[in-house]
1. Quickly run through the stretch 35-45 and pick out the residues that are without any contact (Cβ under 8 Å) to a residue 12 or more places away in the chain and more than 10 Å from the chain's Cα centre (by Cα).
2. Are any residues in the stretch 34-43 of a type outside the set (A, V, I, L, M) and either touching a helix residue (DSSP H, G or I) at 6+ places or on another chain (Cβ under 7 Å) or at pLDDT 95 or above (or both), and if so, which ones?
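The values are calculated or read from the model by the stated rules, or taken from the named source; none is laboratory data. Please read these numbers as outputs of a predicted model, since none were measured by experiment. We place every Cβ from the backbone using ideal geometry, glycine too, and count neighbours over all the protein chains shown.
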Amino acid sequence: MSELDGEHTGNEETGEHATQGSTQERQCRRCERTEGLVSKYGVFVCRQCFREIARSMGFRKYR
């Protein structure tokens, strides 16, 4: 038997990987969209804005 048989962990309703924390929603710094957000390196712009400003930020396109 496993350790969890017969025990309730409290994660049944929300799922095992449910996020815990704030309800604050991140948004694009330029256009305030919430979908398609690029958050790597702390950029926090949507993918459409990222395409427009990536070169000026120092990113290079290799293909």
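1. Passing the criteria: 41, 42.
2. Passing the criteria: only 36.
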